[in-house]
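The values are calculated or read from the model by the stated rules, or taken from the named source; none is laboratory data. The model shown is predicted, which means the values in this text are computed figures rather than measured ones. Here the Cβ is made from the backbone with ideal geometry for all residues, glycine too, and neighbour counts use every protein chain on show.
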């Protein structure tokens with residue numbers, strides 16, 4: 001009984017360490033990039049928005065290479081502005097545009 005409890009505690013601690021150390025990798029893998037809804041994008045913190053936009057750019061360019069920081073910065077500003085004015089907040093960021101203001 002004591003061995004089982006000790007093993008469970010060790011396994012739980014190892015799982016917690018693995019989750020915490022790989023947190024950013026998990027977040028990157030689960031991030032939807034261009035399919036992220038504007039409503040979700042607007043509630044993300046700046047670091048998560050950067051991950052979202054970076055993944056979106058990679059999706060658009062069909063590349064695994066990290067885009068230049070200035071491209072990410074400019075894209076973040078554009079998506080932020082477009083998402084704030086979209087009539088349909090469920091619009092994916094890849095579809096956010098000026099026409100979305102009217103619909």
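Among helices (runs of 4 or more DSSP H) lying entirely in the stretch 1-67, which contain 1 or more residues that are more than 23 Å from residue 94 (Cβ to Cβ) and either at pLDDT 95 or above or not assigned by TED's automatic domain parsing to the domain that holds residue 92 (or both)?
2-21, 23-30
For the structure I just gave you, tell me whether residue 96 is under 17 Å from the mean Cα position of the chain (by Cα) and at pLDDT below 90.
It is true that residue 96 is under 17 Å from the mean Cα position of the chain (by Cα) and at pLDDT below 90.
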